[in-house]
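Since the structure comes first, as structure tokens, the remarks are kept for the end.
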Amino acid sequence: MRTDLNPRYKILRDIVNTRPVTHITGHSLGAATVGQFLANNPHLPVTAHLHGWPTVGQNTDTRITSFAGHFDPVAVGDFSAQRRWMLYPHSYSGSDAHF
């Protein structure tokens with residue numbers, strides 16, 4: 001998925017370029033956008049919480065913590081996700097930017 005072409009990617013890039021950001025939260029497509037943004041910008045000193053991240057594989061970026069429900073079809077390939085049963089609480093509080 002080319003999330004770097006998504007309008008959310010441009011919005012995130014503009015936010016990071018105009019103000020200090022230390023933590024980003026994303027959900028679903030927003031999580032994919034944040035994940036791609038961090039992969040493209042390995043120098044950024046930010047952390048991210050990604051909920052329902054539609055990715056496949058094991059995450060190696062220590063800035064990212066991902067979460068998913070046990071039966072979340074979107075995040076089934078996120079092997080790094082901390083799994084929660086049924087509806088799991090996720091919050092945007094404490095984030096400088098959320099998608």
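The values are calculated or read from the model by the stated rules, or taken from the named source; none is laboratory data. Predicted model, so just to flag it, every value in this text is computed and none were measured. So basically every Cβ, Gly included, is an ideal-geometry build from the backbone, and we count neighbours across all protein chains shown.
Is it fair to say H51 is over 19 Å from R2 (Cβ atoms), crowded, with 18+ Cβ neighbours inside 10 Å and modelled with pLDDT of 80 or more?
When the stated conditions are applied, H51 passes them.
Here's the yes/no breakdown for (1) more than 22 Å from F79 (Cα to Cα); (2) in contact (Cβ under 8 Å) with a residue 40 or more places away in the chain; (3) loosely packed, with under 15 Cβ neighbours inside 10 Å; (4) out of contact with any helix residue (DSSP H, G or I) (no Cβ under 8 Å at 6 or more places or on another chain):
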| position | (1), (2), (3), (4) |
| --- | --- |
| A31 | no, yes, no, yes |
| F37 | no, no, no, no |
| P45 | yes, no, yes, yes |
| Q58 | no, no, yes, yes |
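Which of the residues belonging to segment 1-51 are charged (D, E, K, R) and in a helix (DSSP H, G or I)?
D4, R8, K10, R13, D14
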